[in-house]
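Input: one structure, supplied below.
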Amino acid sequence: MYQPQYEAMERADLEALQLERLKATLERVYASVPLYQRMFDDAGIKPSDVRSLADLTRLPFTVKDDLRSAYPYGMFAAPLRDIVRVHASSGTTGQITVVGYTRGDIDRWADLMARTLVCAGATPDDVIQVSYGYGLFTGGLGVHYGSERLGATTIPISGGNTKRQVQVLKDFGVTGLGATPSYALLIGETALEMGIDPKTLPLRFGVFGAEPWSENMRRQIEETLGIVAIDIYGLSEVLGPGVASECVHKCGLHVNEDHFIVEIIDPHTLEPVPDGEQGEVVFTTLTKEGIPVVRYRTRDISRIVPGRCACGRTFRRLERISGRTDDMLIIRGVNVFPSQIEQVLTGIPGVAPHYQVVLTKRGVMDHVEVHVEVAPEIAFDEVKALEALRRTVAQEITSALAISIDVKLVEPKSIQRSEGKAKRVLDLRNEGGTA
Ligand SMILES: [Zn+2]
């Protein structure tokens, strides 16, 4: 552990610290951010009304649109002269959201990222290659400062130029890698193409985040690179990477609860759900000065993993993000994420992870048909083999989603490709579509 005095705190001490920091945060945002003053006044609550952590649920939520409409500096709780760094995230709608950090924020962020790297097994003796992008995106500089804070040797290579990434990985004796999971896999595959088996290199671990990835993807990365791959989590509106991290036990991401209060809410009723139940992840920052957020709705779906972790950290754990509320489908009353289908498909030989979910009505019942591409090496005219494959895919998806579905196998490359976000779902239920 990097800061065991916090990471292994007793619950009662942690909650006392959280409450003290929460009160200070609420006073701060009420006094310096007009939006929060208005929101609290509308809800009829003053910062001094919050006397316990349970009172948090009386406070209004913050959403991404609040940050968008405050563009660029309207949500800042510190004067610009105290802001030493600005990052931003690009929204799918094009409007970016701007976040600012004071010197103190950068200092605490470095500590939290050092914690994250130690979670993956890093020590000051490591050589860490930062292949996340540097710039307005928080990934590159986030890992960079954490690695330097830890005292590791830091290589700020940023993203791109994959052959050079491999060369540096090999020549510089890199032992730890930070990248998006898909880029880590590409680096591994490029190494193999260059005749370098990454498994023979000193590389031991990687911290991967900034996009959702499945357990199968983890297995693929670990096998290709010969490393321990851990999932890290954060978003610029809350901090950037460093909000939560898996430890080497890989059983959920420890939330840095001395800096963030995590809640899981039902995205429809907005009521908190009990530990262990799935819902939308909501964060309140406790130490941010530049841009604190109160009950920020992330749209990410997860749940709190009950129980204690074998690593000794007492912070509660979030299960790996299983999807976004924007992607969630409700089919016959069951919450379904397209990413669950992807996870199944990547585990079945003979099919490609390209699919489309077509939703229609049969009478009053929802009907689901999943179109799945067969892999190029499968002969599309071998009817018997194809039918066996179709049945396997249908059984595996049905058991993963806990609802029955039909599967239709389609020819390679027949599902439309997208350069942006793939359109995975065709919902015809409200258009009189029948199957
Ligand atoms: Zn742990």
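Which of the residues belonging to the stretch 317-337 are away from the ligand (no atom under 16 Å from the Cβ), of a type outside the set (A, V, I, L, M) and surrounded by fewer than 19 Cβ atoms within 10 Å (Cβ to Cβ)?
Within the stretch 317-337, 324, 325, 326, 327, 332, 333, 335 qualify.
With 93, 102, 97 as the choices, which residue is surrounded by 14 or more Cβ atoms within 10 Å (Cβ to Cβ), of a type in the set (S, T, N, Q), farther than 22 Å from residue 178 by Cα and at pLDDT below 95?
The conditions single out 97.
Which is open to solvent by less than 70 Å² (accessible area, probe 1.4 Å) and either acidic (Asp, Glu) or in a helix (DSSP H, G or I) (or both), of 360, 392?
None of the others qualify; the one that does is 392.
Among the residues of the stretch 185-204, is any under 30 Å from residue 296 (Cβ atoms) and not in a loop (DSSP other than H, G, I, E, B)?
Checked the stretch 185-204: no residue is under 30 Å from residue 296 (Cβ atoms) and not in a loop (DSSP other than H, G, I, E, B).
Taking the stretch 42-63, which residues are open to solvent by 50 Å² or more (accessible area, probe 1.4 Å) and among the charged types (D, E, K, R)?
Across the stretch 42-63, the qualifying residues are 42, 46, 51, 58.
Out of the stretch 119-141, which residues are closer than 21 Å to residue 315 by Cα and crowded, with 21+ Cβ neighbours inside 10 Å?
Scanning the stretch 119-141 gives 119, 120, 122.
Quick one: which of 277, 271 is under 27 Å from residue 397 (Cα atoms) and open to solvent by 10 Å² or more (accessible area, probe 1.4 Å)?
Exactly one of 277, 271 is under 27 Å from residue 397 (Cα atoms) and open to solvent by 10 Å² or more (accessible area, probe 1.4 Å), namely 277.
Considering each of 200, 224, 190 in turn, give the residue that is hydroxyl-bearing (Ser, Thr, Tyr), more than 16 Å from residue 132 (Cβ to Cβ), touching a Ser or Thr at 6+ places or on another chain (Cβ under 8 Å) and surrounded by fewer than 22 Cβ atoms within 10 Å (Cβ to Cβ).
After applying the criteria, what remains is 190.
Of the conditions (1) closer than 21 Å to residue 8 by Cβ; (2) in contact (Cβ under 8 Å) with a residue 60 or more places away in the chain; (3) of a type outside the set (Ser, Thr, Tyr); (4) crowded, with 18+ Cβ neighbours inside 10 Å, residue 262 fails just one. Which one is it?
Unmet condition: (2).
Residues 75, 39: which one is assigned to a loop (DSSP other than H, G, I, E, B) and either open to solvent by less than 50 Å² (accessible area, probe 1.4 Å) or farther than 26 Å from residue 314 by Cα (or both)?
75
A further question on this structure: All but one of (1) charged (D, E, K, R); (2) within 30 Å of the chain's Cα centre (by Cα); (3) modelled with pLDDT of 85 or more hold for residue 332; state the number of the condition that does not hold.
Checking residue 332 against (1) charged (D, E, K, R); (2) within 30 Å of the chain's Cα centre (by Cα); (3) modelled with pLDDT of 85 or more, the one that fails is (3).
Condition first: touching a residue at least 24 places away in the same chain (Cβ under 8 Å), open to solvent by 10 Å² or more (accessible area, probe 1.4 Å) and either within 16 Å of the ligand (Cβ to nearest atom) or assigned to a loop (DSSP other than H, G, I, E, B) (or both). Now tell me which residues in the stretch 291-316 satisfy that.
Correct list: 303, 305, 306, 309, 310, 311, 312, 313, 314, 316.
Here's something else I'd like to know. Give the stretch 109-159 a look and list any residue that's free of Cβ contacts under 8 Å to residues at least 24 places away in the same chain and either among the hydroxyl-bearing types (Ser, Thr, Tyr) or more than 22 Å from residue 231 (Cβ to Cβ) (or both), or say none.
Correct list: 135 only.
If you don't mind, another one. Restricting to the stretch 1-36, count the residues that are exposed (fewer than 14 other Cβ atoms within 10 Å of the Cβ) and of a type in the set (S, T, N, Q).
Of the residues in that region, 1 qualify.
Can I ask one more? Counting only residues that are among the hydrophobic types (A, V, I, L, M, F, W, C) and more than 17 Å from residue 3 (Cβ to Cβ), which one in the stretch 221-247 is nearest to the ligand (Cβ to nearest atom)?
By that ranking, first place goes to 230.
Given the criteria open to solvent by less than 30 Å² (accessible area, probe 1.4 Å) and not charged (D, E, K, R), does residue 251 qualify?
So residue 251 fails the test.
The values are calculated or read from the model by the stated rules, or taken from the named source; none is laboratory data. Nothing here was measured: the structure is a model prediction, and the numbers come from that model. Here Cβ is always computed from backbone atoms with ideal geometry, including for glycine, and neighbour counts include all displayed protein chains. For the accessible areas, the whole protein counts, side chains as well, though only heavy atoms, and no ligand, DNA or RNA atoms are used. Shrake-Rupley method; radii C 1.70, N 1.55, O 1.52, S 1.80 Å.
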